[in-house]
Each structure stands twice: as C-alpha cells, then as structure tokens.
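Below is one structure; the comments refer to it alone.
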C-alpha cells in the first residue's frame, strides 16, 4: 500500500529540477505516492521530459506562489496564501497525505507548519532535530538546528523533552542521556540563556547529564544535545564543512598512497562507506518536532539524492506513527504555561 507524501517542488536553491528528480527516484524505490506542489505547467513539462513514457505514482497540485530563502517568514506566511508550503501542509492537515517535505526557507516552513498543523500541547516553538553520527556508533540527536534563532530557557526545556522522546521512540534508546551545548562542562559556564535553562533541564524527569561541549556531539557521550537554533545551525554547518574537508583530503591521500589494485579496491570501499556517513544528502533532512503532523525540512542546497532521502524519512515517520507516539507521550507529561508564549508570526526566517 502506497503512502502519500507531499513535496514542495519549488523550495530548494535549484528548484524544481532536484525535487522532480528526487520524486522520481523515490517512486521507483519506495512504496510512496508523491504529490508535487508548485506551478503545474512547469512541473508537468519537467515530468514529461524525465519520465518519457514511464508511469509512476506522481500527482501535481498547483500552487501559484513560492517563498524565497531570503523572505521574512512572518510576512511570507501572511501574504502568500497559495504558497507551495501552505498548499502542501494543508494536504497533511486534511489527511490527504501522510507527510510533507521541503528544502525551502526554514523559518517559513516552521511558521506555516505551526499555523496549518498546530503545535502539540505545551510546545511554544517546534524544533528541527538532526541525527548526527558518533564514533561509538550510536546516533546523537541535536536540536534545534535552525528553526529558532532566538530562544528562551523554556524553549530549550521543551526541546529537551521532545528530543528525549524522539531518541526513545525512534532511535530506540532505552534511557537517553540529555546534555545542553555550552562552552564548558561546568554548570557556571555559558551565557544567560544556558544558565537559566540548566536549572529547568535539571528539574525534568529525564537523564540530564549537564553541559556538553562541541566535541561531544560526535564522541557518543550524549544521546540528545539541546541548544538554540543559532548555535545548532552553526554547529551543523561547521560539521558538514569539516566532513567535506576530511572526505576530500582522504580521497587525495588514497590516490597518492594506494598502488596495489586489491588494496585500492578495499580502500575505495572503505572510503565510500566513510563518505556516506558524512554526506548530509544521505540523511534527508530534519524532522520538525512539536507539530501535529510529519514535516521534514532539508537543506536549501539539496540535490536529488537529498530530496529522495527526505521523502524516505517522511515515509518512515508516517509508517511508524512516530508523531502520534510523541504527541501521546507529550500529552501525558505535565507542562507549564508561560506568561509570554511565542507567537506563530515571530519565527526566524533566514536560517538555512
């Protein structure tokens, strides 16, 4: 049985070609029906060019507007009522599809998802959760990685709860270790935000291990690491840059040192495995935790492989009922009402 996934066809930097190619790859490899959201004439021409006479479960939903990367989210959400994001997320809300994927403006995607799908009880701001590889083999969930540049302490508290639930329900970590990203392990290190959040996280019924540093993202000492979206996005992009540097340096080193044919073949296989571990396109985007529906947000620079994997992640989330489990568990936890709750019209719009 096919699972319906909506795809923002005009979100990425080079849209719509990567989206169309990624949708085709997904429909060939996965039990999905992809709903492309965007200008129908343009998408129809591309599909005809790529598919020729091939029949795949791809449907086009016409949307007249797209939200650019540099647009302010608050203005775009209010003014562009027929944007590809809004049309796609409305399909999720109406349960015509089981998930939504976009490589577009992160702030606009977060704001539109919160407005159209609604936030879970007790969640002021949804968070993007990235799964990072570690040297010990166990993945580490880093959140927020870009949906909220400016955060308050209670936002980090909510991120910790959602991240801990995600690690348990999706990654099957029995008792996730939760840390907060700071400039030192000591409780006194950090800024005003981390000082205030430390006390809130310490009082939660989770295994809070205190402050962790940037190097701890990859050493496997924590299963969940929380931070504001500014810090998280810088950490994520820095990690991707280092990964590309190491990959390229290792490739050059192998070329210059491996001469035997068998040795070269073995090294190439090891290198390809290593490259896939560091390649962001293999991870397919980050789930937006805290909204009532599956929403996967990828890089603006996503290629067709990244789009394919974004659809794969949305399919896996929908098939496993991940959002429903997190929602049910979050509803069962006591949560505080804050005097100044965050407004949907105030998300950060330019983090990509």
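Brief remarks on what is shown
- Yes/no for residue 193 being touching a residue at least 12 places away in the same chain (Cβ under 8 Å), part of a helix (DSSP H, G or I) and either surrounded by fewer than 24 Cβ atoms within 10 Å (Cβ to Cβ) or out of contact with any strand residue (DSSP E or B) (no Cβ under 9 Å at 6 or more places or on another chain) (or both): yes
- Condition check for residue 64 on (1) surrounded by 20 or more Cβ atoms within 10 Å (Cβ to Cβ); (2) over 15 Å from the mean Cα position of the chain (by Cα); (3) over 30 Å from residue 197 (Cβ atoms): one failure, at (1).
- Just one of the numbered conditions (1) out of contact with any helix residue (DSSP H, G or I) (no Cβ under 8 Å at 6 or more places or on another chain); (2) modelled with pLDDT of 75 or more; (3) more than 21 Å from residue 145 (Cα to Cα) is not true of residue 236: (3).
- Looking across 89, 46, 56, one residue alone is in the same structural domain as residue 300 (by TED's automatic domain parsing), touching a helix residue (DSSP H, G or I) at 6+ places or on another chain (Cβ under 9 Å) and not in a helix (DSSP H, G or I). It is 56.
- All positions within region 69-80 that are modelled with pLDDT of 90 or more and surrounded by fewer than 14 Cβ atoms within 10 Å (Cβ to Cβ): 79
- Candidate set: region 113-125, residues that are under 14 Å from residue 85 (Cβ atoms) and in contact (Cβ under 8 Å) with a residue 40 or more places away in the chain; chosen: the one nearest to the chain's Cα centre (by Cα): 113
- Residue 149 vs. criteria free of Cβ contacts under 8 Å to residues at least 40 places away in the same chain and surrounded by 19 or more Cβ atoms within 10 Å (Cβ to Cβ): no
- Condition met for residue 25 (more than 23 Å from residue 301 (Cβ to Cβ) and either in contact with a strand residue (DSSP E or B) (Cβ under 6 Å, 6 or more places away or on another chain) or modelled with pLDDT of 95 or more (or both)): no
The values are calculated or read from the model by the stated rules, or taken from the named source; none is laboratory data. Computed from a predicted model, the values in this text were never measured in an experiment. Cβ coordinates were reconstructed from backbone atoms using ideal geometry, including for glycine residues, and neighbour counts include every protein chain displayed.
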